[in-house]
Each structure stands twice: as structure tokens, then as C-alpha cells.
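Report on one structure; see the data block that follows.
Please treat every number below as a calculation from the coordinates, not as lab data. Just so it is clear, the model here is predicted, and its values are computed rather than measured. Cβ: placed from backbone, ideal geometry, glycine included. Neighbour counts: every protein chain shown.
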Amino acid sequence: MADFFKYNKRANGQYFTSHNPFENQGFKNWCEECDITNTTILEPFAGSNNLISMLQNLSLCYDFKSFDIEPQNKDIQRQDTLKDFPKGYKVCVTNPPYLAQNSASRRNIDYPATTYDDMYKFALEKCLDNCDYVAAIIPASFINANIFLSRLSAYILLNTKMFDDTDHPVCLALFNKNQTQTKVYDNQKYIGLLKDLKSQLPNPTRKTNMKFNDKQGRLGLIAIDNTKTPSIKFCHGNLIDANKVSYSSRSITRISIDADINKLIVQLNHTISSLRESTSDIFLTPFKGMRADNRYRRRLDYKLARDVINEVYFS
């Protein structure tokens, strides 16, 4: 029975929240805006109703209506809300199902008819189409997906393990009914407005010739943190085994570029370090697994790496 339930959780994209994400000033500000305590809260993907219980523990929920395709307690009504979303609710608080389309295809799991590459995006669209205010625990990489940002009021990175059965990096995304400027938090710490943080990203106007995944490249890039420290760095290419460089690799690579490699490496690592500090790693993709400093590992995607190289090269 345990194995069957585990399979169904995977098939439905269900991961049940075990830590309270709502003890945050950004969330409290949002609650005041949508007057959460004076309305019926909708939980359309309730699982075992953990989120509602957490809101009640903080005295933030006095009335709720919960639904799930596989209810795990008596307070939840059985309903496939991806196909039949509940109507007439102003505020929605949820942990929608996560399931990548390619993963569903590989496992022969039914996937909704949508252009989105992950089920959570489809579920989130349903929530936003039907509710004025939405609070959703979703993958932390959402901030780089470039969808639904016009209604995103706050992005709260949850730098803690939120689920007992997966270490998937997540955020608390808060949406309102109007266009808004997005506030960014790192747990309890307010980082700044999203537009101001984006202004710190490199935006080179010129591009030099470079080739990633060149086994003979003189510039190396270790693009993923190790399990102890924020260790993304550029290095000499010969420090990276050419046999580990492949077209599909996103963690390490060698790059061919016509430049003074010694000088370039110093400048690149200084730029990466400064960018990470000033933006709290918001634009580096969170990677499964916590570092020893209790922060999520991060990955520098190759597009951003190219922009950093071009900016430094022409500076």
C-alpha cells in the first residue's frame, strides 16, 4: 500500500508541505492587502490540508474550502481541480502539483493538454484565472520562467527543506489582482525590488567569439556549487577533464576564447562573486540538495555565463 501511495503521489505531482512557510513579513503584508482573515480561503490542491492547518496555527484562517483529486482527510472534497476548478473564491493558498512534462512522458504518466513544460505552471494559471489573490508554494526556479510576473507581488525564497519526501527548492510566490512591482525576500530578509535586482545582471552590447563544451578550451567553468560552499567559478581549462565535457553537460565545461586567460579568470570570478552577493543568488538556478551552510546549491546557466564573459571581456 505504501508503494502504491508513493506512485500516486508521483503521478499526481503531489508533495505535502511539512514546514510552515507563512511566518514571514512579506506574507503578512500580503495578508493585510487581501484581508485573508475575513474571507473563505480556497485550497484547490490540498493533499492532507497541511497549508490550511499552518494558516490556522498562525490565526490567519477562519474559513476554508479544500479540494484534491486524492483527499487525505475528511475536510477535503474530492475533485479534479485541474479539470474542474472551483469558482467564486477571492483568495487561494496552495501547493500545486509539480510534474515536468518530459518526466511524465518518460514514466508514461498522463499529462494535461497544455504548452507548459511543468504541471505547476498549468495549475498556477488556473488559480490566477479564477482568484484575485494567490499564494503558491512553487519551484524556486519560477523567478526565471518569465510568466505571470505582472501580478507577482512578492517572491519569497524558502531556503529550507520544505518537504519530507523531496529536497526540491521552492519559493512562496504571492500574487494580487493588479499589476505590481515585485518584492523579493530571502527567507525573512528583504532583498529589494525585482526590477532593481534585474538591473544588476550583465547586459553586454557586444559579443566575442567563444565556444562552450570545447574539449580543448583554455577557459574552464565549474557551473554548480558543491555540497559545502558557494563554489561556482571559472578556472584554467586544463583543470577540467576533457572526457567530462559533453554537449549535454550543464555542470562543467571548457570554453574556447581568444583572451589573456589568467587575467580573464580573475575578473570573471570577481564579477560572479559580486553578482551573487548583490542579488542573493536569485538569478542562479536552485539545485536539489542543501549546502553545508544550509543554503541551496546553485547553478550558473550558460546563457548568463556568456553574458558575464562578454561584459568582462569588453570592460
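Pairs with C-alpha atoms separated by more than 28 Å, drawn from the list Lys195/Lys215; Lys183/Lys263; Lys183/Lys244; Lys121/Lys198; Lys28/Lys177; Lys83/Lys183, are Lys195/Lys215; Lys183/Lys263; Lys183/Lys244; Lys83/Lys183. Its Cα gyration tensor gives segment 201-315 an equivalent ellipsoid. The semi-axes, each the square root of 5 times an eigenvalue, are 22, 18, 12 Å from largest down. Cβ-Cβ distance of Tyr302 and Asn108, R₀ of 35 Å, FRET efficiency by 1/(1 + (r/R0)^6): the value works out to about 0.65.
In this calculation the C-beta distance from Lys263 to Lys195 is compared with R0 = 35 Å, giving a FRET efficiency of 0.60. Rounded to the nearest 20 debye, the dipole magnitude of segment 194-315 is 320 debye, with +1 charges on Lys and Arg beta carbons, -1 on Asp and Glu beta carbons, and the Cα centre as origin. Centroid-to-centroid, using Cα positions, segment 176-236 and segment 50-77 are 37 Å apart. For Asp35 and Arg250, the difference between the fully extended length at 0.36 nm per residue and the C-alpha to C-alpha distance is 73.0 nm. Among Met290, Met54, a tally of other beta-carbon atoms within 10 Å of each Cβ gives an order, fewest to most, of Met290, Met54. Full extension of the chain between Lys288 and Gln181 gives 35.6 nm of extra length, using 0.36 nm per residue less the Cα-Cα distance. Local charge for Asp301 was computed over the other residues whose Cβ lies under 13 Å away, with Lys and Arg +1 and Asp and Glu -1, and equals +3. Counting neighbouring Cβ atoms within 10 Å and putting the fewest first, the residues Ser141, Ser66, Ser248, Ser150 line up as Ser248, Ser150, Ser141, Ser66.
With both labels modelled 7 Å from their Cα along Cα-to-Cβ, the Thr227 to Lys74 distance reads 4.4 nm. If you wrap segment 10-103 in the convex hull of its Cα atoms and look at it from every side, the mean projected area works out to 6.6 nm².
From the residues Gly192, Ala123, Ser278, which one has its Cα farthest along the dipole of the chain in the positive direction, the dipole being from +1 and -1 charges on Cβ of Lys/Arg and Asp/Glu about the Cα centre? Sorting the options by dipole projection puts first Ser278. Report, in degrees rounded to the nearest 10, the 0 to 90 angle that the Cα long axis of helix 119-130 makes with the longest principal axis of the chain. Tilt relative to the chain: about 50 degrees. Ranking of Phe148, Phe67 by neighbouring Cβ atoms within 10 Å, starting from the fewest: Phe148, Phe67. With the convex hull of its Cα atoms as the shape, segment 38-195 has an orientation-averaged projected area of 9.8 nm². Structural descriptor for the chain: relative contact order 14 percent, calculated from alpha carbon pairs under 8 angstrom and at least 6 residues apart. Among the chymotrypsin sites (Phe, Trp or Tyr not before Pro) in segment 242-292, those located in a DSSP loop and surrounded by at most 14 other Cβ atoms within 10 Å of their own Cβ are Tyr247. Less than 5 angstrom separates the built amide H of Ser66 from those of Glu43, Gln77, all sequence-distant by 5 or more or on a different chain. Angle of helix 302-313 to the longest C-alpha principal axis of the chain, folded into 0 to 90 degrees and rounded to 10: 40°.
Seen against the Cα atoms of the chain and their longest principal axis, helix 261-279 is set at about 20 degrees.
About the Cα centre of the chain, how large is the charge dipole given +1 on each Lys and Arg Cβ and -1 on each Asp and Glu Cβ? Please answer in debye to the nearest 20. Please list the in-between numbers first.
Values: 41 positive and 34 negative charges, 225 e Å.
Roughly 1080 debye, rounded to the nearest 20.
Over every Cα atom in the chain, the radius of gyration and the widest Cα-Cα span, Dmax, amount to 21.5, 67 Å.
Residues whose amide H comes within less than 5 Å of that of Tyr185, counting only those at least five positions distant or on another chain, are Tyr155, Ile156, Leu157, Ile191 (H built at 1.01 Å from N in the peptide plane).
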